[in-house]
1. Quick one: of the DSSP bridges fully inside segment 248-456, what percent are antiparallel, nearest 5?
2. Return the percentage of antiparallel bridges among DSSP beta bridges fully within segment 7-221, rounded to the nearest 5 %.
3. Would you work out the charge dipole size for segment 248-456 about its Cα centre, treating the Cβ of every Lys and Arg as +1 and the Cβ of every Asp and Glu as -1, and quote it to the nearest 20 debye?
4. Based on other C-beta atoms within 10 Å, arrange SER265, SER62 from fewest to most.
5. Please label the shape of segment 248-456 as rounded, prolate or oblate, based on the square roots a ≥ b ≥ c of the eigenvalues of the alpha-carbon gyration tensor (a/c under 1.5 means rounded; beyond that, a/b larger than b/c means prolate, else oblate).
6. Tell me the label-point distance for the pair GLN37, LEU23, using the 7 Å Cα-to-Cβ offset, in nm and rounded to one decimal.
7. Calculate, in nm to one decimal, what ARG369 and GLU48 gain on full extension: separation in residues at 0.36 nm each, minus their alpha carbon distance.
8. Calculate the spin-label point distance for LEU409 paired with ALA423, positioning each point 7 Å from the Cα along the beta-carbon direction, and give it in nanometres.
Amino acid sequence: MPERLSARRFLALVTDSFRELPLPEGSSAADGPLGWQGYDASRARAAERTGERESVVCGTGSVEGTEAVLIAFEFGFLGGSLGEATGDRLVAAYAYAREHRLPVVPLIATGGSRMQEGMLALTQLQRVARQSALTREAGLPQLAVLRDPTTGGGWATLGAGADVTLALPGAQIGFAGSRVRPLYADPAAYTAESQVAVGSADAVVEPGALRRELGVWLRLLSRGVVGGAAAPAPVPDALGVTDLPRTGWDAVRRARAPERPRARSYLDAYFRFRAEISGDRCGGTDPDGMLCGFGERDGRTVAFAAQTGAATRPAGYRTAARLIRLADRLGIPVLTLVDTPGAANGAEAEREGAGAAIAEVFGAVAAARVPVTTLVVGEGGSGGALALAAPGNIWATADSYFSVIAPELAAAILKRPPGEVAATADQLRIRPQDLVELGVVRGVVGHPHSRDQVISRPRRGRSPG
């Protein structure tokens, strides 16, 4: 179990400086709104033990040079529980963040709602959810740090509802606290590591690295052009061959070659530094099929969703949709890298909702108000690849192809023998230069004059609309 630091010690761990916000006055009713006998005495003992008047400390601080509103829970004050006065402080902190255009960083350590205040305590979760929603609508990022423990309504609102969630190693995290979960429940399911594994949190971060990690995230997510016109992400340079394939089957073989540059190579070359999100918030991750996150390029932030060359699983598509929607809300342009033989199509993928997950990405790209730039860097396998592609702003490398269906499958559907697969590939017109001629892509990156020629040439394809 990680060491439980007080709210102020934890604030000192993650901030360069901190200034507490003015305190709204809480209820002065004797023993609280329910008249719970001994409640005043419990609060007095908690205040004497911790030096705090409530279970949260709210203020503004600098994290690696980026200003933010920070909300630190004091677990020593009645288990970091939420009551009416806690809700008042949280509402004031979120309102201050919106007024001053600052990101919000909850540093959570709570056992849930304060039972001595009954339903009036529980309804504070609705107030918190409303403030989070208003802050989301304002285009401001919310980054949560999950300390030990993060359970109950604090997890289900401030924690799980944040844009990015970082967790301390070994922290107890879950909706059910240790005293209310079933006796037979596996305790390993209620840990930071488990929540990351199932896609409910983004990363486990050691305390010593937390300030730097928070600083990176705040810097990346606070640079959007909300309500303005963000410039498109630049098209990445080609890292592989630049001569065009002679035949359709040549294009397929190039794209499937194991030595061809993959997503990580492109991301390493494109960004000065980057940070990845993980998980679809629905119980799944797809680290082998999809990489998503934000990076710094030429002094500004670009979001990325990159297929890795494997069949993309439903969790990968849902994570990409989550990334695109977040970037759109924050006013950050998006780069997508297409590279997949297609969506995973086994029975397990169907049970995980493959069709609905792909539809989410199509919808997120179609609804995005920020510009989306796409580069096909390898295989472009059918709708599983097209879902990630930006209509009207798709580019390709010389070692890629894009096809309505894999040539082998097309030949099988047409009942052609294996010897006709190569000819079928030619008929499908899947080479990068074919895609330029068809108006599907704007140009072949790294091929001389292809960009200028294609941009100025009338396109045959129909404009999206």
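1. Values: 13 of 32 bridges.
Roughly 40 percent of the DSSP beta bridges within segment 248-456 come out antiparallel.
2. On the way: 13 of 30 bridges.
Of those bridges, close to 45 percent are antiparallel.
3. Details: 24 positive and 23 negative charges, 81 e Å.
Here segment 248-456 has a charge dipole of around 380 debye.
4. Listing SER265, SER62 from fewest to most nearby Cβ atoms yields SER265, SER62.
5. The shape class here is oblate.
6. The modelled label-to-label distance comes out at 2.9 nm.
7. Result for the pair: 110.4 nm of gain on full extension.
8. For ALA423 paired with LEU409, the spin-label model returns 2.3 nm.
Read-outs: derived from the displayed coordinates by stated rules, not from any lab. Source: prediction; values computed, not measured. All Cβ positions, glycine included, derive from the backbone under ideal geometry; neighbour counts span all protein chains shown.
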